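One structure is given here, and the rest of the page talks about it.
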Amino acid sequence: MSRMSALRLPELWAGGRPLDEAGTATPRELEIALNGPVGPQRLRADTQVFEGAGWYRTLTPSASWPGANEVLFSRLDPLCPDTQIDAVVADYHRLGLPLTWCVYPWSQPADLGARLLARGASVVSIEALLGSTALPLDIAEDVSVARIDASDAAAFDVFMDLMAGGYQLPPDEAQFRHCRYRHLASGDRPCLHLFVARYQDQPAGCAAMVLKPDSAHFTGDYVVKAYQARGVFQSLLAARMEALRRLGIAHATGHSNQQSAFWAKRFGFRPIYSYSIYQLDPPAAQA
C-alpha cells in the first residue's frame, strides 16, 4: 500500500501565485489547509501515489469512486499542457476509471479548468476552511452526539449506513470504507474518529475527523434531510471541536462544497482559498 506524505508549499507554489498574495492566511495555515484531504482514509491496498515536481495524484484500479482516483496537485509543462493532460487522463480511462482533477487559482496554465471542461468534465466549487478548536460551539437542543467505538458493531453499522446512504456510495466503496474505517478508528490511539448525531434519539447525521500532528481534518459530514436545520451539523462540529480541545489540537480543516461551506463559515470557520474539482468519466460512462 502506498503512503501519502505531506505536501510542501514551495513545491506547489513554484511558478504559481506567491504566498503573500494568497490573502491573510499564514504560510503554516495554508500548509494545514492544503494537507487537509491527504490521509490514510483514502488508501486501498492497490492505491498508487504519484508525487514530486509539483504533482500529487492517486490511482486506484479497484475503485469506481472518483475520489480514489484524483489529481490533487499538478504542474503542467507550459510548452505542452494538452499532451500532459491527455496522458494523465488516459492513465485512468484505459482502466475504465473516472478521475477528479483539482484546479486552484494558482494552477498553471491559467485556463486549466477550461481545458478540462473542453474534454467533457463536470465541475464543483470547493472552499478550503480553517477553524480554531476554541470556537464557542454547543450541542443543539434535542441533539446528542456520540463518538463511535469501532468495536461496537451495531454503532459502527449505524455510522456506515448513514454515510453510505448519504453519499450514495457504490458497493465497492462502501465495502472498502467499512473495513478501512474500522481499522483506522480502532486501537489505543486511532487516527480516525467517527461520530453519530441523533435528533430526539433518532439517527440524524454522521461525521468523521482525521487526526494529524497539530490539526484535524473534518470529513464525511452528512445530515439526514428530515433533520436538516435542527442543529445537527452544528452539533457534529461542536462535538469534534470539544474532542480536539481535549487532545490539545488547535486547528481543524474542512474542504466543503458551497452549501456546507456556508454553514461552516457561519459557525466560525475561515475560508483560506477556493478551488474547483473537475470530474472526467471514462468514455463508456459518459455514453
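Numbers below:
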| read-out | value |
| --- | --- |
| Electrostatic dipole magnitude of segment 37-138 [Cβ: Lys, Arg +1; Asp, Glu -1; Cα centre; debye, to 20] | 180 |
| Accessible surface ranking that places the most exposed of Ser64, Ser151, Ser215 first, with a 1.4 angstrom probe | Ser151, Ser64, Ser215 |
| Accessible surface, segment 128-287, averaged per residue in Å² (probe 1.4 Å) | 48 |
| Debye, to nearest 20: dipole size of segment 199-287, +1 on Lys, Arg Cβ, -1 on Asp, Glu Cβ | 300 |
| Residues Ala155 and Gln84, FRET efficiency given R0 of 41 Å [Cβ-Cβ distance, rounded to 0.05] | 0.30 |
| Area accessible to solvent at Arg270, 1.4 Å probe radius, in Å² | 80 |
| Ranked order, Ser122, Ser260 - accessible area, probe 1.4 Å, largest first | Ser122, Ser260 |
| Selected from Pro37, Pro66, Pro136 as most flexible by GNM, with the chain as the system and alpha-carbon contacts under 10 Å | Pro136 |
| Paramagnetic reach from Glu242 in segment 191-231 [backbone N under 12 Å; point 7 Å along Cα→Cβ] | none |
| Whole-Å distance, taken between Cα centres, linking segment 19-81 and segment 142-178 | 26 |
| Highest-fluctuation residue, Arg245, Arg57, Arg147 considered, GNM on the chain with Cα pairs under 10 Å | Arg245 |
| Charge dipole (debye, nearest 20) of the chain; +1 at Cβ of Lys and Arg, -1 at Cβ of Asp and Glu | 240 |
| Label-reachable residues, segment 175-192, where backbone N falls under 20 Å from a point 7 Å from Ala45's Cα toward its Cβ | 175-186 |
| Order of exposure, largest accessible area first, which applies to Cys80, Cys102 with probe 1.4 Å | Cys80, Cys102 |
| Simple label model, 7 Å out from Cα along Cβ direction - Ala284 to Tyr167, nm | 2.4 |
| Added length on full extension, which subtracts the Cα-Cα distance from 0.36 nm per residue, His183 to Leu135 | 14.3 nm |
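The values are calculated or read from the model by the stated rules, or taken from the named source; none is laboratory data. A quick note: this is a predicted structure, and the numbers were derived from the prediction, not measured. A quick note on method: Cβ atoms are made from the backbone with ideal geometry, for glycine too, and the neighbour counts reach across all protein chains shown. Just so you know, the surface numbers come from the protein's heavy atoms only, side chains and all, with ligands and any DNA or RNA stripped out. Shrake-Rupley method; radii C 1.70, N 1.55, O 1.52, S 1.80 Å.
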